[in-house]
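Remarks on the structure that follows.
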Amino acid sequence: MKAVVVTGASSGIGFGIAKGLTAKGMHVFASVRSEDDARRLLGKLPNATPLLFDVTDQAAVRAGADTVRTALKGRTLCGLVNNAGIAMPGPVLQQPVADYRKQIEVNLIGAFTVSQAFAPLLGADRTLSGPPGRIVNISSLGGKIGSPLLAGYCSAKHGLEGLSESLRRELLLYGVDVVIVAPGAVKTPIWDKAQGSETRYADGDYGAAMKAMAALMEGAARDGLEVERVANLVHHVLTVPRPRVRYTLTPSYVFDWMLPRLLPSRWIDRLFARRLSLMR
């Protein structure tokens, strides 16, 4: 049975990916941050194995890798899905540095830390038997298109894209591939968790913009992609003989992805400004 590690699997995209992979016959080592999350996970996915660590805790991540190494009994890991992430909206001029830093720590440095710990199990340790595995980094449209009021999240996802490209080329030495999966809005609790941030900035110059952003997030939670589509794509990336290096998955490929990439940046600036009440 192929084994895969999925980070941030207690809810949202991570849980959806874990559920989808176990349904297709894979064994999932699912990282969660608390014993309660581990118990809930086992109640819903009895074929998965919880790993208790926060991606920002290097010692705990490495202990998780040791647990997986023991369970694999000398064989390689099929895949690592770096999914753990958070979004904390706020304007750059007013958001606390701690909020910005936390998003970088979780979304980017967390992926770095986890990749470093688990890469030996994917094939960088040549003493293991079996084919080399793959790293799937869950990015976002925000990894290429910077949204106002989401600078921390977009900065981290832009960084994750760069990390993925550099790491993919470094790991050619071991035959370990690195693939980016970049979804648009998905129906997950990450949008619910971000709700309420607009009240923090209600009295400042960005109050109207934050209120408009909250409405967009509410729409994303309601009208976004089903998480099963992301799970199916991750399974495809892990099993197809020659995956592409990057996959974009959005509710509207043309309007969400193609046009923002093709139109002049100043046009996109004005579209964002009108949509989020950022015009002078």
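The values are calculated or read from the model by the stated rules, or taken from the named source; none is laboratory data. For clarity, every value in this text was computed on a predicted model and none was experimentally measured. Counting neighbours? That spans all protein chains shown, and the Cβs are built from the backbone with ideal geometry, glycine included.
Among the residues of the stretch 53-112, which ones are in a helix (DSSP H, G or I), among the small types (Gly, Ala, Ser) and more than 14 Å from Tyr153 (Cβ to Cβ)? Show your work before the answer.
Step one: list which residues in the stretch 53-112 are in a helix (DSSP H, G or I), which gives 58-72, 97-112.
Then keep just the ones that are among the small types (Gly, Ala, Ser); that gives 59-60, 63-65, 71, 98, 110-111.
Matches in the stretch 53-112: Ala59, Ala60, Ala63, Gly64, Ala65, Ala71, Ala98.
Mind checking which pairs have a first residue in the stretch 226-250 that is under 22 Å from Ala185 (Cβ atoms) and free of Cβ contacts under 8 Å to residues at least 60 places away in the same chain and a second that is surrounded by 14 or more Cβ atoms within 10 Å (Cβ to Cβ) and among the hydrophobic types (A, V, I, L, M, F, W, C), Cβ under 8 Å, 6 or more apart or different chains?
Here the result reads Glu226/Val186; Arg229/Leu249; Leu233/Val181; Leu233/Leu249, each pair linking the stretch 226-250 to a residue that is surrounded by 14 or more Cβ atoms within 10 Å (Cβ to Cβ) and among the hydrophobic types (A, V, I, L, M, F, W, C).
Which condition breaks for Met1 when tested against (1) surrounded by fewer than 18 Cβ atoms within 10 Å (Cβ to Cβ); (2) at pLDDT 95 or above?
(2)
Out of the residues in the stretch 134-183 that are in a loop (DSSP other than H, G, I, E, B) and not polar (S, T, N, Q), state the one that is nearest to the chain's Cα centre (by Cα).
Going through the stretch 134-183, the residues in a loop (DSSP other than H, G, I, E, B) turn out to be 139-140, 144-149, 174-176.
Cutting the leftovers down to not polar (S, T, N, Q) gives us 144-146, 148-149, 174-176.
Working: Lys144: 14, Ile145: 16, Gly146: 16, Pro148: 19, Leu149: 19, Tyr174: 24, Gly175: 23, Val176: 19 Å.
Going through the qualifying residues, I end up with Lys144.
Please pick out the residue among Ala214, Ala221, Ala231 that is within 18 Å of Ser140 (Cβ to Cβ), among the small types (Gly, Ala, Ser), touching a Ser or Thr at 6+ places or on another chain (Cβ under 8 Å) and buried (at least 16 other Cβ atoms within 10 Å of the Cβ).
The conditions single out Ala221.
Is there any pair linking a residue in the stretch 201-217 that is in contact (Cβ under 8 Å) with a residue 24 or more places away in the chain to one that is of a type in the set (S, T, N, Q), with Cβ under 6 Å and at least six apart or on different chains, and which?
Every condition considered, the pairs that remain are Tyr201/Gln94; Gly204/Gln94; Ala208/Ser277; Ala209/Ser277; Ala212/Ser277.
Among the candidates Val245, Val240, single out the residue that is modelled with pLDDT of 90 or more, under 18 Å from Lys157 (Cβ atoms) and not small (Gly, Ala, Ser).
Every option except Val245 fails the conditions.
Name the residues in the stretch 256-280 that are of a type in the set (Ser, Thr, Tyr) and in contact with a helix residue (DSSP H, G or I) (Cβ under 7 Å, 6 or more places away or on another chain), would you?
Listed by number, the list holds a single entry, Ser277.
Can you list residue pairs whose Cβ atoms sit under 9 Å apart, with the first residue in the stretch 66-79 being under 17 Å from Met26 (Cβ atoms) and in contact (Cβ under 8 Å) with a residue 12 or more places away in the chain and the second being among the small types (Gly, Ala, Ser) and surrounded by fewer than 17 Cβ atoms within 10 Å (Cβ to Cβ)? Count only pairs 6 or more apart in sequence or on different chains.
If the second residue must be among the small types (Gly, Ala, Ser) and surrounded by fewer than 17 Cβ atoms within 10 Å (Cβ to Cβ), the pairs left are Leu72/Gly130; Arg75/Ser129; Arg75/Gly130; Thr76/Ser129; Thr76/Gly130; Leu77/Gly130; Cys78/Gly130.
Let's see how each residue does on (1) among the charged types (D, E, K, R); (2) under 19 Å from the mean Cα position of the chain (by Cα); (3) at pLDDT below 95; (4) closer than 21 Å to Gly146 by Cα:
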position: Arg33; (1), (2), (3), (4): yes, yes, no, no
position: Ala38; (1), (2), (3), (4): no, no, no, no
position: Arg62; (1), (2), (3), (4): yes, no, no, no
position: Asp66; (1), (2), (3), (4): yes, no, no, no
position: Leu77; (1), (2), (3), (4): no, no, no, no
position: Leu93; (1), (2), (3), (4): no, no, no, yes
position: Tyr100; (1), (2), (3), (4): no, yes, no, yes
position: Asn107; (1), (2), (3), (4): no, yes, no, yes
position: Ala111; (1), (2), (3), (4): no, yes, no, yes
